[in-house]
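Written below as structure tokens is the structure these notes are about.
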Number of protein chains: 2
Amino acid sequence: VNLAALVEYDGTRFAGFQRQPAARGPTVQGALETAVARVAGEAVSVEAAGRTDSGVHASGQVVNFHVPPRHDVVTWQRALNALLPSDVAVAAVREVAGDFRARWSAVSRSYRYRILCRPVRAPLRERYVWRLPRSLDVAAMAAAAELLLGERDFGTFGSSPRDTRETRAAGVRRSTVRTMLAARVERSAEPAYETDEIVCELTANAFLTGMVRRLVGTLARVGEGRLSVDEFAARVAAADVALAAPTAPACGLCLVRVGYPPGTVVW
Amino acid sequence: VNLAALVEYDGTRFAGFQRQPAARGPTVQGALETAVARVAGEAVSVEAAGRTDSGVHASGQVVNFHVPPRHDVVTWQRALNALLPSDVAVAAVREVAGDFRARWSAVSRSYRYRILCRPVRAPLRERYVWRLPRSLDVAAMAAAAELLLGERDFGTFGSSPRDTRETRAAGVRRSTVRTMLAARVERSAEPAYETDEIVCELTANAFLTGMVRRLVGTLARVGEGRLSVDEFAARVAAADVALAAPTAPACGLCLVRVGYPPGTVVW
């Protein structure tokens, strides 16, 4: 049977989602495949909707894997949570159609990026925010974010994850056109954080490699007043990755939701 | 000069605020006194408004200490943050009147307790919540909390921190009368958490030892339907510590604010 799982993790300790040579450190995929293999009694490969970078968190990652029809989904969920390390959890397991693929069936991904504006470190939030010493112009950032909506070439903010060493060597450039479905920048809705924390929420059909963090890095330049909204628009239009601001750090980023066509998988 | 500091910490790693024999583990007071002594060039004792238990966090702890008049408050703040471990931070330093005492000058303390209702562990919140497997009746808990308001004997929920082995041996019982200034139980204001997270906010002139955690433990019984609001009221009225429910875990608790008389210290 083909099982889909809703997965949460604190990415701090992991060298990203995707399996890596062991020397690079533990990965979420490695942790999941080890647990799934123990329950299934055989090696199983686990595919994720979003291959999050090292240090990126997830509250709504989706994965799928094919296993023998031995246990029900409740048993699967319990067994996986018992076997997984404490910084990874399976929030739900569902049986899905045989052709469902967490990555290729997904129609949208939503990411949330938290920016904390204050000069002093924040021990209770430091794991989950990008801290900047000064306050940012939230209205300008929101106006810039709105310009991202719709289908466009996001080449300024990354390359296609389908680009490989081989395609690059062959001079092939995969499409960097994506559709931004929602792009909001606003103060935190949490009353204790509303004075100093800014949240960027981005939903697209798919994201380029490094896209959210380059976008947030560039939006922060707008918030700092170092880039006007018009200049931001011009950089977006140029579709040239050299024009992005430095990548925002991984720890502020969280994959919060993956959307699928109606009827595919319901949590 | 007498300096007051606003202090934040992640309590996970600490054996509480108060200095302990080294074998019990690091303390926040120990970390602060080490840093203050290095800047002051002499041993200095640091007093806190709330002596939080092992594992309890703070976003608004207040401390004070007397030091030679060598540096300004900005220098003090920078130096302390450079010397303190990453899970403690000084958010502000102010010069205060010579007779100001973080503990004895305080007129109120506010604590926040987060309860997460879900059967599966939550890697991104586990450090900061008490997780219970089932949902709780928030309205019943809020009604019970409201009964706590005003001046009353809170003996059901703890003993006076002024009780010592000596006073107890002598049969002296310090007062357990305190004034509850605010007591609210509500769903989290954070949209991503509103379905499963409950926040208890309690403000009193002062709290008994263990009081917040016994109160939250007993309020959770009300939320579970194991104790009616009337039974809760009867237990409060009895002022008997044997009637409290088990203490809620430390990790859900955070000291968020300490109040002082107008003009004493402003952050």
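Just so it is clear, none of the values below were taken in a lab; they were calculated from the coordinates. In this text the structure is predicted, and so the values were computed from the model without any measurement. As a convention, Cβ positions derive from the backbone with ideal geometry for all residues, glycine included, and neighbour counts pool all protein chains shown.
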> Which angle from 0 to 90°, rounded to the nearest 10, does the C-alpha axis of helix A:211-223 make with the longest principal axis of chain A?
Replying inline: 30 degrees
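Using only the Cα atoms of chain B, build the gyration tensor, take square roots of its eigenvalues as a ≥ b ≥ c, and label the shape rounded, prolate or oblate: rounded if a/c is under 1.5, else prolate if a/b is larger than b/c, else oblate. Mind showing how you got there, number by number?
Details: a/c = 1.97, a/b = 1.51, b/c = 1.31.
Here chain B falls in the prolate category.
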> When the gyration tensor of segment A:1-65 is built from Cα positions, what are the square roots of 5 times its three eigenvalues, in whole Å, from largest to smallest?
Replying inline: 19, 14, 9
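Per the Kirkwood treatment, what hydrodynamic radius in Å, one decimal, follows for segment B:183-223 from the mean inverse distance over all distinct Cα pairs?
On the way: mean 1/r = 0.0880 Å⁻¹.
Roughly 11.4 Å, rounded to one decimal.
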> Over segment A:92-138, what number does the Rg to Rh ratio reach, with both radii from the alpha-carbon atoms and Rh per Kirkwood?
Replying inline: 1.29
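Do me a favour and compute the ellipsoid semi-axes for segment A:111-179 from its Cα gyration tensor, root of five times each eigenvalue, largest one first, whole Å.
Working: eigenvalues 221, 65, 17 Å².
Ellipsoid semi-axes (Å, largest first): 33, 18, 9.
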> Stokes-Einstein D for the protein assembly as shown at 25 °C, 0.890 mPa s, Kirkwood Rh over Cα pairs, in µm²/s?
Replying inline: 95 µm²/s
> If you take the square roots of the eigenvalues of the alpha-carbon gyration tensor of segment A:137-177 and sort them as a ≥ b ≥ c, do you get rounded (a/c under 1.5), prolate (a/b over b/c) or oblate?
Replying inline: prolate
> Between the helical axis of A:229-238 and the dominant principal axis of chain A, each derived from Cα atoms, what acute angle in degrees is found, rounded to the nearest 10?
Replying inline: 60 degrees
> Put the label 7 Å from Cα along Cα→Cβ for A:Ala234; what are its distances to the other copies, in nanometres, shortest first?
Replying inline: 7.7
> Of all the residues in chain B, which one has the C-beta that comes nearest the axis relating B to A, and what is the distance in Å?
Replying inline: B:Glu190, 2
> Could you give me the ³J(HN,Hα) list for segment B:250-255, computed from phi with Karplus coefficients 6.51, -1.76, 1.60 and θ = phi - 60°, whole Hz, x at Gly and Pro?
Replying inline: 5, 5, x, 9, 9, 7
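Starting from the Cα gyration tensor of segment B:1-149, multiply each eigenvalue by 5, take the square root, and state the resulting semi-axes largest first in whole Å. Working shown, then result.
Working: eigenvalues 223, 69, 32 Å².
After scaling each eigenvalue by five and taking roots: 33, 19, 13 Å.
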> Cα-based Rg of segment A:216-263 per 2.2 N^0.38 Å, rounded to two decimals?
Replying inline: 1.51
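Apply the Kirkwood formula to segment B:149-238: the hydrodynamic radius equals the inverse of the mean of 1/r over all pairs of different alpha-carbon atoms; give it in Å with one decimal.
Numbers: mean 1/r = 0.0685 Å⁻¹.
Kirkwood hydrodynamic radius for segment B:149-238: 14.6 Å.
Scan chain B and report its longest stretch carrying no trypsin sites (Lys or Arg not before Pro) that are both in a DSSP loop and have at most 15 other Cβ atoms within 10 Å. Walk me through the intermediate numbers first.
Numbers: sites that count: B:Arg70, B:Arg101, B:Arg134, B:Arg162, B:Arg173, B:Arg174, B:Arg226.
By the stated rule (loop sites, at most 15 other Cβ atoms within 10 Å), B:1-69.
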>> Under the rule a/c < 1.5 gives rounded, and otherwise a/b versus b/c splits prolate from oblate, where does segment B:55-135 land using the Cα gyration tensor?
In response: oblate
